[in-house]
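Nothing in this text is a laboratory measurement; each read-out follows from the coordinates by a stated rule. As the structure is a computational prediction, the values presented were derived from the model and not from experiment. Using ideal geometry, Cβ is built from the backbone for each residue, glycine included, and neighbour counts are taken over all protein chains shown.
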Amino acid sequence: MIGIVTALPEESVAVSRMLGDPVPFPVGGDRNIYVQAGFACGPVVATSLVSMGNSSAANACAHLVRSFPEVRAVLMCGIALGVPRPGDPERDVRLGDIVVGSGGVVHYSHRRVTDAGSTRRGDPLPASPLLLRAVNELRSAALRGTEPWRPRLEELPSSRYRRPPASRECQVFYGRIGSGDELLRSAARRDELAGADDLVAIEMEGAGAALSLALDGRECLVVRGVSDYGDATKSDVWRYAAALAAAAYVRALLEALPGTNSEVPHRSGAAPSPAAVTLQDLVVVMEGVSSLLSPQDRDHVLHLLGSPISGRVSRDSRTRMALLSLAMVCAEYRDGLERLVAVLEGMEGAGSVPVRALAAAVARYRPP
């Protein structure tokens, strides 16, 4: 399972557009708001922060892996300031470009301060090995002349996301990304930080996310679109296009993970087709329905479903195994999954968000 975390509404909207109609997925006891989509690499769950900053990102990631223990790696996706190097065309990051933290995240605010000055503490937080495999697939594809993320730049959530006029096409840069708690509007400070650790971009959430996930045994990769240069010219002109660029790359990265076919052609400007939902995806959504969480409630659901379904479902005390059996048996009948949704609507009400999420997932279920 892969997680995606964004910090700003414009980032969240861009990610949702690229996930192709994700399903709302509320989790009891968790204040994060989640959406979920199915991919060949497995379920993908996304959430957005309440506020900007590394502390907020750390908190959101802690809740995410608690509510979804299957999550192995998380993508921090959004916007950042890029570090321009006009004298070095190979490393000259420009507005609207994509930066990938393949070299890890540098927590530049974590420092040791003495009378002699200050030095950064600790090594860069490493990038996810799992996700770097997909990054390498995309880099190899680019060398062959294929960039599957590029056509998705035309899939605009609204006209606000249209790319402003630029001197060249969007490019991707790889390296270290700096993360701290400074909202930079100083070219001098930007260049000081970038020069000390050879940074391609600087942002405010990656370190919190990466550290929180590492402490839980998970992995992290930061992908950003360049919205400004962190200097006195900082503005919001590129925010939306930059957010979309990062989300487009993330979509291509998910498709490059094992089990996917990143070479499937896609018509530029066409809406992505909703991802098919598997039985495992259905089980994950079913775990959000309160009427399915206890053995007693499940027995009541089975009674309402009636035979032959009720007699074939395993009465396992383990919720995940019981729900998998329920989903498998229902899926064997032409309208079995629809009957399950109807029963749950009768128990929880047609307005129940978890039940509506299950109904949406059932509509996208495709038998293996």
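Brief remarks follow.
- Rounded to the nearest 20 debye, the dipole magnitude of region 2-256 is 120 debye, with +1 charges on Lys and Arg beta carbons, -1 on Asp and Glu beta carbons, and the Cα centre as origin.
- Applying the criteria of a DSSP loop state and at most 16 other Cβ atoms within 10 Å to the GluC sites (Glu not before Pro) of region 318-368 yields Glu332.
- For Glu182 and Lys234, the difference between the fully extended length at 0.36 nm per residue and the C-alpha to C-alpha distance is 17.3 nm.
- GNM top mover of Pro129, Pro148, Pro22 - the chain, alpha-carbon springs below 10 Å: Pro129
- 222 nm mean residue ellipticity, helices alone, for the chain (DSSP H n ≥ 4; -39,500 (n - 2.57); rounded to 500): -11500 deg cm²/dmol
- The chain, relative contact order [Cα under 8 Å, separation at least 6], %: 23
- Cut-off under 5 Å, modelled amide H: who pairs with Tyr174 long-range: Val100
- Over region 279-363, relative contact order from alpha-carbon pairs under 8 Å, at least 6 apart, %: 35
- For Ala7, residues with placed amide H under 5 Å, excluding near neighbours: Leu49
- Full extension of the chain segment joining Glu338 with Leu130 gains 71.2 nm, where the gain is 0.36 nm per residue of separation less the Cα-Cα distance.
- In degrees, nearest ten, helix 187-197 long axis to first principal axis of the chain (Cα): 70
- A simple rule links phi to the HN-Hα coupling: the Karplus curve 6.51 cos²θ - 1.76 cosθ + 1.60 with θ = phi - 60°, which for region 5-14 gives 10, 10, 10, 10, x, 5, 6, 4, 5, 5 Hz, with x for Gly and Pro.
- Interchain or long-range residues, amide H under 5 Å from Gly104's placed H: Ala127, Ile177
- Extension gain, Val353 to Ser118: 0.36 nm times the residue separation minus the Cα-Cα distance gives 79.5 nm.
- Computed from phi, the 3J(HN,Hα) profile of region 310-326 under the Karplus parametrisation 6.51, -1.76, 1.60 (θ = phi - 60°) reads 4, x, 9, 7, 5, 8, 7, 6, 7, 4, 4, 5, 5, 5, 5, 4, 4 Hz, with x in place of Gly and Pro.
- (1) 0.95; (2) 1.07; (3) 1.03, with the label sought being that of the calculated Rg/Rh (Cα atoms, Kirkwood Rh): (3)
- Coupling constants for region 126-137 follow from the phi torsions by the Karplus curve (6.51 cos²θ - 1.76 cosθ + 1.60, θ = phi - 60°), and in residue order they are x, 6, 4, x, 4, 6, 5, 4, 5, 4, 5, 5 Hz; glycine and proline get x.
- When you filter the trypsin sites (Lys or Arg not before Pro) in region 316-357 for DSSP loop state and at most 11 other Cβ atoms inside 10 Å of their Cβ, you are left with Arg318, Arg334.
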